[in-house]
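Report on the following structure.
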Amino acid sequence: MNRARRSYTVEFKQEALALVLQEGLSVGEAARRLGIDHSLLRSWKLRAQSNGGQLPDPVRQPTALEAENARLRAEIDRLRMEREILKKATAFFAKESK
């Protein structure tokens with residue numbers, strides 16, 4: 001049975017984290033009050049702690065530099081694969097000509 005995946009707004013996540021970090025509730029108690037799974041709230045808390053107290057913005061678009069970097073990495077991967085194919089073909093035809 002496929003359940004629809006619930007998504008939460010950044011504001012909801014920030015308020016949930018405030019219950020834990022500022023009001024001193026346990027992760028389990030805050031999750032119970034909000035009606036969410038405690039492991040979900042724990043992962044939000046860990047992500048916020050590793051990011052200086054703020055949740056990363058999941059909707060952020062990559063910058064032009066990041067997009068260019070991703071395009072170039074994909075091109076490098078493709079060229080490496082082509083080079084490996086050509087190496088194998090060269091070795092195959094070298095064996096055939098002997």
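The values are calculated or read from the model by the stated rules, or taken from the named source; none is laboratory data. Just so it is clear, the structure is predicted and the values come from calculations on it, not from any experiment. Quick reminder, even Gly has a Cβ in these numbers, built from the backbone with ideal geometry, and neighbours come from all protein chains shown.
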In region 34-45, residues that are surrounded by fewer than 16 Cβ atoms within 10 Å (Cβ to Cβ) and assigned to a loop (DSSP other than H, G, I, E, B) total 2
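Within region 20-33, can you find the residues that are at pLDDT 90 or above and crowded, with 16+ Cβ neighbours inside 10 Å?
Answer for region 20-33, where residues must be at pLDDT 90 or above and crowded, with 16+ Cβ neighbours inside 10 Å: VAL27, ALA30, ALA31.
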